[in-house]
Amino acid sequence: MPALSDDKPATPGLTKDERDYVNRVAEHYRDTDRMAWEHGFLIGWLMISDPVEQPASRLCEVLGVSREAVDHIDKLLVPPGVLERTELPDGEYSLAMNAEVWPQTVQQAMLALPSFHSVMRYGLEALADASEERRRRLVNMEQFFRYLGDEIPAVFDRYEPPATTVSP
């Protein structure tokens, strides 16, 4: 099996504007998550592709990415519902972005972060007799996750999804 490339894909099937947008998405994921270029380009393209549903082979062709990269994104984003997979009659599959699920998926992931606070609190109790250095690290983490526990739910309480129609 060929190794994944970490070069920017050629994107032969995209317009300049589409390429610029997809590149910005990929740069974001590269900078924040150290995601391979191919993976970021796939996510960016699936956000704006027309038609929404794209066969895996077409994704490879349009973006100039490897099949391994498409299969990786399939395995990463189909289980949480961010992407929808459709089996095609020829043994191929297609992917489509599920834009309505994306905010819910992010919300679930972010709301799970504060629950780690209880683990940090337990650590402080369990390591009450530990060295000052060990406890200092736990105290920092406990305070951070306590803060997240207070603030993150409020963010989602204030969030209002956009109307179903998009204005220019």
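Tabulated data
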| read-out | value |
| --- | --- |
| Looking only at segment 85-135, and only at residues there that are within 20 Å of His39 (Cα to Cα) and of a type in the set (D, E, K, R), the one that is most open to solvent (accessible area, probe 1.4 Å) | Arg85 |
| Count of residues meeting criterion [part of a helix (DSSP H, G or I), under 11 Å from Leu63 (Cα atoms) and open to solvent by less than 70 Å² (accessible area, probe 1.4 Å)] in segment 11-22 | 2 |
| Tyr147 vs. criteria within 25 Å of the chain's Cα centre (by Cα), at pLDDT 85 or above and over 28 Å from His39 (Cα atoms) | yes |
| The one condition in (1) without any contact (Cβ under 8 Å) to a residue 24 or more places away in the chain; (2) farther than 15 Å from Ala10 by Cα; (3) touching a Ser or Thr at 6+ places or on another chain (Cβ under 9 Å); (4) not charged (D, E, K, R) that Leu95 fails to fulfil | (1) |
| Counted residues, segment 23-59 - those being in a loop (DSSP other than H, G, I, E, B) and surrounded by 14 or more Cβ atoms within 10 Å (Cβ to Cβ) | 5 |
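The values are calculated or read from the model by the stated rules, or taken from the named source; none is laboratory data. The structure displayed is predicted, hence computed values, not measured ones. Note: ideal-geometry Cβ built from the backbone for every residue, glycine included; neighbour counts use all protein chains shown. Please note that ligands, DNA and RNA were not included when accessible areas were found on the heavy atoms of the full protein model with its side chains. Shrake-Rupley method; radii C 1.70, N 1.55, O 1.52, S 1.80 Å.
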